Amino acid sequence: MSNNNQWTSICDASDLISNIGVCAQINGKQIAIFQLEANGTTSLYGIDNQDPFSGSNVLSRGLVGDLKGHDVVASPIYKQHFDLSTGKCLEDDSVTLKVYSVRSNEGKIEVAAQ
Amino acid sequence: MSKEKIIVVGNGMVGHKFLEFLSERDNRDQFEVITFCEESRLAYDRVQLSAYFSGKTAEDLSLVEDGFFENNGFKVYLEDKVVSIDRDNKTVTSANGEVVAYDKLILATGSFPFVPPIPGKDRDECLVYRTIEDLEAITHGAKTSKRGVVVGGGLLGLEAAKALHDLGLETHVVEFAPRLMAVQVDDGGGAMLRSKIEALGVTVHTEKNTKEIVNGDSSKMRMEFADGESLETDLILFSAGIRPRDELARDSGLEMGPRGGITVNNNCQTSDPDIYSIGECALWDGRIFGLVAPGYQMAKAAVDAIAGDKESEFAGADMSTKLKLMGVDVASIGDAHGNTPNSKSYSYNDEHNEVYKKIVVSEDGKKLLGSVLIGDAEAYGGLLQLMLNDMDLPEHPDSLILPQREGGAPAGLGVDALPDTATICSCNNVTKGDIIASIDGGITELGELKSCTKAGTSCGGCAALVGQVLNAELEKKGIEVNNDLCEHFAHSRQELFDIVRVEEIKTFEELLAKHGTGKGCDICKPTAGSILASCWNDHIMEPSLAGLQDTNDYYMANMQKDGTYSVVPRIPGGEITPEKLIAIGQIAQKYDLYTKITGGQRVDMFGAKVHELPLIWKELVDAGMESGHAYGKSLRTVKSCVGSTWCRYGVQDSVGMAIKLEERYRGVRSPHKIKLAVSGCTRECAEAQCKDVGVIATEHGWNMYVAGNGGMKPRHADLFASDLDDETLIKYIDRFMMFYVRTADRLQRTATWMNNMEGGLDYLKDVIINDSLNLGEELEKQMDHLVDTYQCEWKSTIESPEKVKRFNHFINSDETDSNVVFVKERAQIRPATTKEKSDLIETVAV
Ligand code: SRM
Ligand SMILES: Cc1cc2nc3c(=O)[nH]c(=O)nc-3n(C[C@H](O)[C@H](O)[C@H](O)COP(=O)(O)OP(=O)(O)OC[C@H]3O[C@@H](n4cnc5c(N)ncnc54)[C@H](O)[C@@H]3O)c2cc1C
Ligand code: SF4
Ligand code: FES
């Protein structure tokens, strides 16, 4: 993450439901935010909300889980999977989405974005 | 060069197979082919004849592909019978007076049912079971009969008994021998078979010799037996064996067997080298073969001899059989009676579960010679292969028939041990090698494999084995055949369903912790969501369940290509008041939604943004409407025609029934979507025969059809039961749907489920109508639970502020998605194309 990214607070930590995405708008940019929780571990992710295959802003409404050990979101339109840590599309090497750091800080969810 | 003239007498199963084999020859143009067909219709599948009673039409049974005769230039004389052969001039003469010359003549005249010479046998109520016309006569005769008797307790006799039983007659079987199926089955097997068949309500009389048929007292006739006893009946079906139709051959002086049959050699040539005989009229090595598979092999040998470059010979055939008689598995292999000198046998008799199994082995215990299986014939395929391929038996041959208790290794040898030359389907002569070739060609599904190789499509006896070979080969290729749902669960959907039900699991987390690994994915989560809904029916938006739903279920609307949603209120049976129509119109107008009448008799409104969904639904619910579940894997629509209320032909209130069904099954979650339809009469305006469950009104009630499908691979529904009253109809649909919900794979419509079901329609009828698994009550109870706990998902959602909050596009802003852009077309909105969008957005941005 480059230095000029700032942490922007988007909601209370209690507003998130585990394993269900939400979409945040930061400086006109749509970012899909997920809190994955399984077997006692919790991880926060941010990834572009726009689905590159349909051009629609819908990834926050995709199902999350893991495939071969990587946390992923599945596009709700044509079902491609995106690695939440790297943004890589599992079905198409040539496609990578931007990912964003997300953290929980004093009861707030914060995203690092320009 | 003039063509060689071939005449085929008889267009039955084998005669037609001969024509097919010939048409596949490169040199078929060298022949002029003519066939005489005595019956009023071209060749049909006699083996499946009984299916005619369960709704199959003559057309369904036809073996003749569209345009077969035209495309091949073959000539057929329909409803014309050859009456004589002039071997000196090489011509045949037909009943209609045609005289046609031949170079080669093929006699494929089949056989006729033997009717013992009993005084009174020619009464109108005495029938046989061989042709479609015979079946029509039986159906007709059954209408005025209460009781029916089948004379003959062999294979065909029991099939005929089932037909009478299904037609609603009190059914009796009268057999001369001391046991049923005397040819194929030993004493132990015969006894078990008898007790099973009697349990189904058919009375069996053995060692009965009918002396005379006279006028009855309580019924139309009375059968007088040699032992002094008698039996009253309204209808008699003779099924006492077959006799070859060899009269043409006899009259023209061909060599015959002492008890009939046209003598042929290994090429199926008769004593006149220009005349061949194939099928049930031919006598080879002193034997008549009353099954279709050997007939097909004869057809092949004859075609090879006449048109082939190398000859293939008919070398006899295996007469092993497996069938389901009245729902009872019966199989007989090879030397079932242990007639081979010094052979030894093992038998297993389980009176509790009514299973009898016997194997006959060679003196040294190394080879299998024969077997009888009653009540459980799963081992048939494997045993038959052991015998046919002369394979060595395992160390303890009895392991082949002893039940497998927990932890035990599967008995017998796997299909892997079979050589590629092993015949898997004898009816259609398909070897293991043929199946492997198809799989190499890209086939991965049982249904596809059957239609491409024809394996398993005739008697069906080999179906299980075909499936095993397919799975074993796919596995070898590394193609996934395990039924594991996904990497997170090493279970099939059906197994997970049972686990959830038995262990009363209520959440995905619990299921994953106890039976899975990892975090889940977009395959197992919706599947688990659907199973949990089918079992417990909690609201899908509950926090513990919401994360399992596909976006369509989560937002209770279908996502469109631009990220907006469609809204479909339920319109049960397609009936709607003007007030509700107006309300829909006003709401669509207010939110500027694109409206369209769907193919399912209701109205779809497109272009709703996610935050608008609760607002739109609030207004719809206020106007008295409820969710149409257009998004769910659940009941979609129950289509109806207008029915007897208005239509001059209607015989029942189809709209009323459709609404009743739609209101009963709305919201029920299932492996895939379910569609129903109800038509008010046989004109079928609601197209019920392409639905998962179709209902068609009759004078006396309702006919129920199952497992139809439109969509990608259309399938006509099968007639499941006739003339049901309302209550029974609903009982059967309850059971059918719940059984589907419990046992189907994920995203498997009822049509594919049915196509892959072992035992097919008969099995399903057994489970649902005869309650053979003793599940009926439980299935009904489960359905009742779902019906009782139904709630309109939308109504309870808009009543909960917590849930409504989730419909905002952004968590940190009340703005909406600027990327959703519409343009107008034909006076309504549609999503803008990318180009239109960039033009529009640019203009706005500047
Ligand atoms: C709206 C409608 C087309 C229309 O404008 O008429 C429609 C629209 C869709 N159909 Fe359909 N089908 C519609 C009637 C049908 C019919 C006709 C019928 O029901 O009488 C069929 C064939 C009948 C059948 O199912 O046997 C039909 C066979 C399919 C199939 C193929 C299913 C199959 O078994 O092969 C799919 C794909 C699937 O489900 O996997 C499908 C899938 C879809 C989806 C859900 C595709 C998708 O995922 O986006 C469409 C959703 C549109 C939406 O947002 O509502 N739709 N679809 C119809 C809605 C009827 C309703 O009121 O609920
Ligand atoms: C109810 C039933 C169930 C069966 N189930 C099985 C089963 O499960 N498995 C199995 O392997 N077999 C089964 N069979 C037996 C199977 O149907 C026969 O083995 C097969 O049909 C024999 O074929 P074919 O061509 O020799 O005779 P057919 O199919 O009888 O054809 C002979 C045709 O020739 C016509 N013909 C006769 N004489 C003349 C003439 N002079 N001129 C013109 N045409 C003439 C006849 O009208 C008939 O159409 C069953 C049979 C029946 C009736
Ligand atoms: S036919 Fe295809 S395009 Fe048309 S509604 Fe059905 S799924 Fe959509
Ligand atoms: S053995 Fe009869 S269909 Fe295969």
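What to note about this one:
- In loop segments of segment A:46-99 as defined by DSSP, the chymotrypsin sites (Phe, Trp or Tyr not before Pro) with at most 11 further C-beta atoms inside 10 Å of their C-beta are A:78.
- Paramagnetic reach from residue B:199 (point 7 Å along Cα→Cβ, amide N under 18 Å) across segment B:305-323: B:323
- Magnitude of the charge dipole, the protein assembly as shown, Cβ model with Lys/Arg +1 and Asp/Glu -1, debye to 20: 1760
- Note on segment A:11-56 and segment B:71-128: Cα centroid distance 78 Å, given to the nearest whole angstrom.
- When you restrict to C-alpha pairs under 8 Å that are six or more residues apart and normalise by the size of segment B:542-695, the relative contact order lands at 22 percent.
- Taking 0.36 nm per residue of sequence separation and removing the Cα-Cα distance, the residue B:146/residue B:504 pair yields an extension gain of 124.0 nm.
- Note on residue B:48 and residue B:2: with the Förster distance fixed at 35 Å, the Cβ-Cβ geometry gives a FRET efficiency of about 0.30.
- Trypsin sites (Lys or Arg not before Pro) within segment B:239-291, DSSP loop, no more than 13 other Cβ atoms inside 10 Å: B:259
- Farthest towards the positive end of the charge dipole of the protein assembly as shown, among the residues B:269, B:343, A:60, is the Cα of A:60, using unit charges on the Cβ of Lys, Arg, Asp and Glu.
- Using 0.36 nm per residue and subtracting the Cα-Cα separation, the extra length available between residue B:32 and residue B:781 on full extension is 263.2 nm.
- Placing unit charges on each Cβ (+1 for Lys and Arg, -1 for Asp and Glu) gives the protein assembly as shown a dipole about its Cα centre, and among B:452, B:419, B:620 the Cα reaching farthest toward its positive end belongs to B:620.
- Pair residue A:39, residue B:840: separation of 7 Å Cα→Cβ label points (nm): 4.7
- Cα gyration tensor shape for segment B:318-413, rounded if a/c is under 1.5, else prolate or oblate: oblate
- Think of a 1.4 Å ball rolled over the protein heavy atoms: segment B:414-477 then has 42 Å² of accessible area per residue.
- Taking θ as phi - 60° and the Karplus parameters 6.51, -1.76 and 1.60, the scalar couplings of segment B:766-783 work out to 4, 5, 8, 8, 8, 6, 5, 9, 6, 10, x, 5, 4, 4, 5, 5, 4, 5 Hz in sequence order, x denoting glycine and proline.
- Listed by chain and number, the lysines whose C-alpha is less than 18 Å from the C-alpha of residue B:220, apart from same-chain residues fewer than 8 away, are B:121, B:143, B:146, B:211.
- Estimated from the Cβ-Cβ distance and a Förster radius of 60 angstrom, the FRET efficiency linking residue B:726 and residue B:86 is about 0.40.
- Per-residue ellipticity at 222 nm from helix content only, as computed over chain B with -39500 (n - 2.57) for each DSSP H run of at least four residues, stands at -9000 deg cm²/dmol.
- Using a Förster distance of 41 Å, the FRET efficiency for residue B:756-residue B:71 (Cβ separation, nearest 0.05): 0.80
- Pairwise label distance in nanometres, residue B:255 with residue B:363, each label 7 Å out on the Cα-Cβ vector: 3.4
- 5 angstrom amide H check on residue B:243, placed H, neighbours 5+ away: B:112, B:114
- Estimated buried accessible area (total), pair A and B, 1.4 Å, Å² to nearest 100: 2800
- Taking all protein chains as they are arranged and a probe of 1.4 Å, the heavy atoms of residue A:85 leave approximately 70 Å² accessible to solvent.
- Where segment B:311-388 is the region considered: accessible area per residue in Å², 1.4 Å probe: 43
- DSSP bridge analysis restricted to chain B gives an antiparallel fraction near 65%, rounded to the nearest 5.
- Tilt relative to chain B, helix B:463-476 - C-alpha long axis, 0 to 90 degrees, to 10: 60
- Beta bridge orientation in the protein assembly as shown: antiparallel %, DSSP, nearest 5: 70
- Total charge dipole magnitude, chain B, about the Cα centre, Cβ charges on Lys, Arg, Asp, Glu only, Debye to nearest 20: 1580
- Each of residue B:139 and residue B:212 was given a label point 7 Å from its Cα along the Cα-to-Cβ line. The distance between the two points is 3.7 nm.
- The listed peptides B:700-710, B:760-770, B:587-597, ordered by packing as a protection proxy, come out as B:700-710, B:760-770, B:587-597 (highest mean of other Cβ atoms within 10 Å first).
- Leading residue at positive end of dipole, chain B (Cβ point charges), from B:293, B:611, B:168: B:611
- The distance linking segment B:322-349 with segment B:231-284 is 28 Å (Cα centroid to Cα centroid, whole angstrom).
- Residues in segment A:73-87 that a label on residue B:484 would reach, taking backbone N under 15 Å of a point 7 Å out along Cα→Cβ: none
- Largest GNM mean-square fluctuation among A:12, A:51, A:83, using chain A with Cα springs under 10 Å: A:12.
- When only the Cβ of Lys, Arg, Asp and Glu is charged (+1, +1, -1, -1), the dipole of segment B:1-119 relative to its Cα centre reaches about 360 debye.
- A straight chain from residue B:598 to residue B:796 at 0.36 nm per residue would run longer than the Cα-Cα distance by 68.7 nm.
- Per DSSP, loop GluC sites (Glu not before Pro) in segment B:502-550 with at most 14 further Cβ within 10 Å: B:503, B:504
- When DSSP beta bridges are restricted to pairs lying wholly in segment B:633-791, around 60% turn out antiparallel.
- Segment A:67-102 and segment B:637-703 have Cα centres spaced 45 Å apart.
- Whole-percent carbon and sulfur share, accessible surface of chain B, 1.4 Å: 47
The values are calculated or read from the model by the stated rules, or taken from the named source; none is laboratory data. Owing to the predicted nature of the structure, the values given are computational and were not obtained by experimental measurement. Cβ atoms come from the backbone with ideal geometry, glycine included; neighbour counts cover every protein chain shown. For accessibility, only protein heavy atoms count, side chains too; no ligands or nucleic acids. Shrake-Rupley method; radii C 1.70, N 1.55, O 1.52, S 1.80 Å.
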